[in-house]
Amino acid sequence: MKLVTAIIKPFKLDDAREALSEIGIQGLTVTEVKGFGRQKGHTELYRGAEYVVDFLPKSKLEVAVADDQVDAVIEAIKKATGTGKIGDGKIFVTELLEVVRIRTGETGTEAL
């Protein structure tokens, strides 16, 4: 089992959710986060004063999937959220040692 974590632009969240639903992903967790990568934030002008925005708003998607679904999930997220511009985000894949569904006690891929 793997945990696929994607940091994406917030306005692409619905596109990502729809793409994951189309390939049969039933659940995901979304967190509103802030951060920066290579773009290092930007400067904005507000009421005549210039200020630096260091951390940009992002959405963090977390999806626990079986090993055989990882490639499909990555491709769905890339296609749905990619704009070809800086700040599109990143996808991380980490190993899940165990998953337990609290309500039923199911473990492993049955708990997904």
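A few notes on this one:
- Set of aspartates and glutamates near Lys60 by C-alpha distance (under 13 Å), chain-local residues within fewer than 8 positions excluded: Asp14, Glu32, Asp88
- Extension gain (nm, one decimal) between Thr31 and Lys79, 0.36 nm per residue minus Cα-Cα: 15.2 nm
- Heavy-atom accessible area per residue - the chain, 1.4 Å, Å²: 68 Å²
- Most mobile of Arg17, Arg101, Arg47 in a GNM of the chain (Cα contacts under 10 Å): Arg47
- Spin-label pair Asp68/Arg38, simplified geometry with 7 Å Cα→Cβ offset, distance in nm: 3.6 nm
- Share of carbon and sulfur in the accessible area of the chain stands at 52%, probe radius 1.4 Å.
- 3J(HN,Hα) along the range 78-91: 4, 5, 6, 10, x, 10, x, 10, 4, x, 4, x, 9, 10 Hz, from the Karplus curve 6.51 cos²θ - 1.76 cosθ + 1.60 with θ = phi - 60°, whole Hz, x for Gly and Pro.
- Sequentially through the range 58-75, phi angles give Karplus couplings (6.51, -1.76, 1.60; θ = phi - 60°) of 9, 10, 10, 9, 10, 9, 8, 9, 6, 3, 6, 9, 4, 4, 5, 5, 4, 5 Hz, Gly and Pro residues having no value and appearing as x.
- Computed [θ] at 222 nm, deg cm²/dmol, the chain (DSSP H ≥ 4; -39,500 (n - 2.57); rounded to nearest 500): -6000 deg cm²/dmol
The values are calculated or read from the model by the stated rules, or taken from the named source; none is laboratory data. Since this is a predicted model, take the numbers as computed values, not measurements. Neighbour counts are summed over all protein chains in view; Cβ atoms, including those assigned to glycine, are modelled from backbone coordinates with ideal geometry. Side chains are part of the model used for accessible areas, which takes the heavy atoms of the whole protein and leaves out ligands, DNA and RNA. Shrake-Rupley method; radii C 1.70, N 1.55, O 1.52, S 1.80 Å.
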